[in-house]
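Taking it in order: structure first as structure tokens, then the write-up.
The values are calculated or read from the model by the stated rules, or taken from the named source; none is laboratory data. All figures in this text were calculated on a predicted structure; none of them were measured in a lab. So basically every Cβ, Gly included, is an ideal-geometry build from the backbone, and we count neighbours across all protein chains shown. Accessible surface areas use protein heavy atoms only, side chains included; no ligands, DNA or RNA. Shrake-Rupley method; radii C 1.70, N 1.55, O 1.52, S 1.80 Å.
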Amino acid sequence: MAKAKSKSRSNNEINASSMADIAFLLLIFFLVTTTIVEDKGITVKLPPWSEEEPDITQLKTRNVYSVLVNAQNQLLVRGEPMDIRNLRENAQEFISNPYGRPDYAEKPTMAIISLKNDRGTNYKTYLEVYNELKGAYNDLWNDASLKKYGVPYDEDKLPLAYRKAIKAEIPMVLSEAEPTAFGEEK
Amino acid sequence: MSKFSKKRGKADPNISTASLPDIIFMLLFFFMVVTKMRDSELKVNVVTPFASELTKLEEKSLVSTIYIGRPMEKYISIYGTKPRIQLGDKFADPREIRFFLETFRVKVPENRRSQITASLRVDGNVTMGVVADVKTELRKAGQLKVNYSAKRRPEAGF
């Protein structure tokens, strides 16, 4: 029966050879899009573990930029409450000290940022604060790079020697104290 | 008449490619499924916060991920609502982190072990207490390269 049918209509099949190409296209699309999704984040280098707390009281107070974040997610920067939106600019000014203020860092190499939070601090706030502080340094590095080499600072593209030179000039020193037990969730 | 006899005489020289799409579709589905399955099943809610100063994590084989967040709804009855740590695909105690890192470390070639990054995928809504405990454990384990997972702010427009 079937044979007879194919005899009467010789070409009743749809040409499916291009289906493969369409499927290939889909396959390649999925292969590409799934690899694009990558992990991003703020990379941090933790200090090695030691039993005793580092002592920052011996440093000159003018060189220490203390940032406290409490369990209510409020900021206290060098004894003054501050809005997080002003943090980046203020930190930059403190580190570079363009006007030579006597209460700001002597020079960028001596500036130390001390970050302390409560155990009840929200992680989101903490990361925002960290982001702003890192951003302050990134902006400073960018300025230094533009001034010295005429290219913007880029962690991947700038040669290692240039990056090292910039970081020797403006090292990022961020010390994190053990959090206090306020606001711990029960 | 002559038309039919001709067809009978010679076999069809074309190989049927009709099944090729099916084979490729099978491949396609395989890849679609596999790429989703690679991530371990999440048992805690993790919505990473936004940030702007981001670094890419280059090599997946050098990244060990630690999840911190509040347990998902179906686990609340057992584990409560307090923020929890998830290692691999199970809930864990901060003390287990060192063992977890060590088991990851032995799988990496020796000359690349210093490049291992611990990726902390932490929910924005947890308190710092549990994160501080994890950080302490990481420092004790000598895993100092840490990446706080974050998303780029949408309005930043890069």
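Quick check on this structure: which one of B:49, B:21, B:83 is surrounded by 17 or more Cβ atoms within 10 Å (Cβ to Cβ), within 12 Å of chain A (Cβ to nearest Cβ) and at pLDDT below 85?
The match here is B:21.
Is there a residue in region B:100-116 that is within 22 Å of residue A:127 (Cα to Cα) and open to solvent by less than 70 Å² (accessible area, probe 1.4 Å)? Yes - at least one qualifying residue is present in region B:100-116.
If you go through region B:66-75 one residue at a time, do you hit one that is open to solvent by less than 20 Å² (accessible area, probe 1.4 Å), without any contact (Cβ under 8 Å) to a residue 40 or more places away in the chain and touching a helix residue (DSSP H, G or I) at 6+ places or on another chain (Cβ under 8 Å)?
Yes, some residue in region B:66-75 is open to solvent by less than 20 Å² (accessible area, probe 1.4 Å), without any contact (Cβ under 8 Å) to a residue 40 or more places away in the chain and touching a helix residue (DSSP H, G or I) at 6+ places or on another chain (Cβ under 8 Å).
Just so you know, in region A:116-144 the residues that are of a type outside the set (A, V, I, L, M, F, W, C) and over 15 Å from the mean Cα position of the chain (by Cα) include one that is surrounded by the most Cβ atoms within 10 Å (Cβ to Cβ), and it is A:117.
Pairs linking a residue in region A:26-38 that is among the aliphatic types (A, V, I, L, M) to a residue that is modelled with pLDDT of 65 or more, with Cβ atoms under 7 Å and 6 or more positions apart or on different chains, are A:26/B:28; A:27/B:24; A:27/B:27; A:27/B:28; A:27/B:31; A:31/B:31.
Among the residues of region B:99-150, those that are more than 24 Å from residue B:81 (Cβ to Cβ), of a type outside the set (Gly, Ala, Ser) and within 9 Å of chain A (Cβ to nearest Cβ) comprise B:117, B:138, B:139, B:140, B:143, B:144, B:145, B:146, B:147.
Answer with yes or no whether residue B:65 is assigned to a loop (DSSP other than H, G, I, E, B), within 17 Å of the chain's Cα centre (by Cα), within 9 Å of chain A (Cβ to nearest Cβ) and modelled with pLDDT under 90. It is false that residue B:65 is assigned to a loop (DSSP other than H, G, I, E, B), within 17 Å of the chain's Cα centre (by Cα), within 9 Å of chain A (Cβ to nearest Cβ) and modelled with pLDDT under 90.
Only residues that are within 15 Å of the chain's Cα centre (by Cα) and modelled with pLDDT of 85 or more were counted across region A:145-172, and they come to 2.
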